[in-house]
Amino acid sequence: MRQTIRMGRRFSLVLGTVLALGGCTSEGTTAPPSVELSPTVLEAMTDGLQDEYRAAAVYEGVLTQFGQVLPFRNILQAEQKHAASIAALFTVRGLVVPARINVGSTLSFASVTDACALGATAEVENIALYDRLLALELPLDVRRVFDANRLASLSNHLPAFERCGPIAVGVR
């Protein structure tokens, strides 16, 4: 009897977690493919994705120039995960994931400190972008991804860049 109750509690915990996450799977978020997205939501998803792509490209450039320096190595991995989480929103709906737009010329930095200053500025701009996007009427799964990406930029990426370079104007 006790084992049955424990298993029931475990099942309830797992089910509650899945429902709280909006039906997330290891493959990404799920949403009914039949739900059409407005052009505004599609544009918001594309804007978020392209911003994550741009950040990853800049951070890749820093790593190419200076080697596997922190915090760029870790934040690059996070940016790639952020892009993948937005790409999953397209994929689950059977939509084509927008290609990475060419970010133009490769940036060069005089020092890692200079790169950190740009990273801090980029994260402030990323937070502002998500603030703007989160003001829109969004499907729950899109809102959750945007919220998570914004929180990571605010709580993790920006402070890491502020610690390694001149402090940019922060967002709190």
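Each value in this text was obtained by applying a stated rule to the coordinates, not by laboratory testing. Treat the numbers as computed from the prediction; the structure is a model and nothing was measured. Cβ placement follows ideal geometry from the backbone for every residue including glycine, while neighbour counts extend to all protein chains displayed.
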- Message: Testing the spin-label approximation: label points 7 Å from Cα along Cα→Cβ at Ala84 and Thr40. State their distance in nm.
- Response: 3.2
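As an exercise, use a Förster radius of 25 Å and the Cβ-Cβ distance of Arg143 and Leu63 to find the FRET efficiency, rounded to the nearest 0.05. If you can, show how the numbers build up before the last one.
Numbers: r = 32 Å, r/R0 = 1.26.
Between Arg143 and Leu63 the formula returns 0.20.
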- Task: Of all alpha-carbon pairs in segment 61-139, indicate the percentage at a distance above 19 angstrom.
- Result: 51
- Over the alpha carbons of segment 104-153, what is the largest minus smallest coordinate on each principal axis, giving the biggest first in Å? 43, 22, 15
